[in-house]
1. Please specify each residue of the range 79-124 satisfying the condition of being among the β-branched types (Val, Ile, Thr) and touching a residue at least 24 places away in the same chain (Cβ under 8 Å).
2. Answer yes or no: is there a residue in the range 62-71 that is surrounded by 16 or more Cβ atoms within 10 Å (Cβ to Cβ), aliphatic (A, V, I, L, M), free of Cβ contacts under 8 Å to residues at least 40 places away in the same chain and farther than 15 Å from Glu6 by Cβ.
3. Confirm whether Gly42 is modelled with pLDDT under 95, over 24 Å from Gln3 (Cβ atoms) and not charged (D, E, K, R).
4. Tell me which residues, restricted to the range 1-31, are open to solvent by less than 20 Å² (accessible area, probe 1.4 Å) and modelled with pLDDT under 95.
5. With respect to the numbered conditions (1) open to solvent by 80 Å² or more (accessible area, probe 1.4 Å); (2) touching a residue at least 60 places away in the same chain (Cβ under 8 Å), which one is the sole condition not fulfilled by Asn54?
6. If you scan the range 84-108, which residues turn out to be of a type in the set (Val, Ile, Thr) and at pLDDT 95 or above?
7. Look at the range 75-86 and say how many of its residues are out of contact with any strand residue (DSSP E or B) (no Cβ under 6 Å at 6 or more places or on another chain) and surrounded by 15 or more Cβ atoms within 10 Å (Cβ to Cβ).
Amino acid sequence: QAQLAESGGGLVQAGGSLRLSCAASGRSFRSYGMGWFRQGPGKEREFVAAISWNIGTTYYADSVKGRFTISRNNAKNTLYLQMNSLKPEDTAVYYCAADYLGVGALAPVEYDYWGQGTQVTVSS
């Protein structure tokens, strides 16, 4: 069983950057495909980025491609999301999620474990 805890959210001006972290408990972090999702006010949870468990293949939503970078450090059991050139429409609660032996799923239903989320607010 995995437990996930996000950190790094906050308030930033448009054009700024933030780096989110997701710390995972347990010894099998490297066996999980990992994803970032977000949920804005009045919106459904949407896919942001994912990274596979095996060779680290990455996937991005079109809305963040070229601005966000997902990465993982298996030695530290930590997932990251570097967010650059932030826009007000990026404002949301950001969640990390774990998918056992996942290769980069886009659908929330594919993920087994979720963190509590961290708020990102981008002011114009």
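1. Here is the first cut: in the range 79-124, the ones among the β-branched types (Val, Ile, Thr) are 91, 93, 103, 109, 118, 120-122.
Answer for the range 79-124, where residues must be among the β-branched types (Val, Ile, Thr) and touching a residue at least 24 places away in the same chain (Cβ under 8 Å): Thr91, Val93, Val103, Thr118, Val120, Thr121, Val122.
2. yes
3. On the way: modelled with pLDDT under 95: yes; over 24 Å from Gln3 (Cβ atoms): yes; not charged (D, E, K, R): yes.
Spelling it out, Gly42 is indeed modelled with pLDDT under 95, over 24 Å from Gln3 (Cβ atoms) and not charged (D, E, K, R).
4. Passing the criteria: Ala2, Phe29.
5. For Asn54, the exception is condition (2).
6. Of everything in the range 84-108, those that are of a type in the set (Val, Ile, Thr) and at pLDDT 95 or above turn out to be Thr91, Val93.
7. Of the residues in the range 75-86, the ones out of contact with any strand residue (DSSP E or B) (no Cβ under 6 Å at 6 or more places or on another chain) are 75-76, 84-85.
Next, only the ones that are surrounded by 15 or more Cβ atoms within 10 Å (Cβ to Cβ) stay: none.
Residues in the range 75-86 being out of contact with any strand residue (DSSP E or B) (no Cβ under 6 Å at 6 or more places or on another chain) and surrounded by 15 or more Cβ atoms within 10 Å (Cβ to Cβ): 0 in total.
The values are calculated or read from the model by the stated rules, or taken from the named source; none is laboratory data. Owing to the predicted nature of the structure, the values given are computational and were not obtained by experimental measurement. Because the Cβ atoms are built from the backbone with ideal geometry, glycine has one as well, and the counts that use them run over all protein chains shown. Heads up: the accessible areas ignore ligands, DNA and RNA and are worked out on the full protein's heavy atoms, side chains in. Shrake-Rupley method; radii C 1.70, N 1.55, O 1.52, S 1.80 Å.
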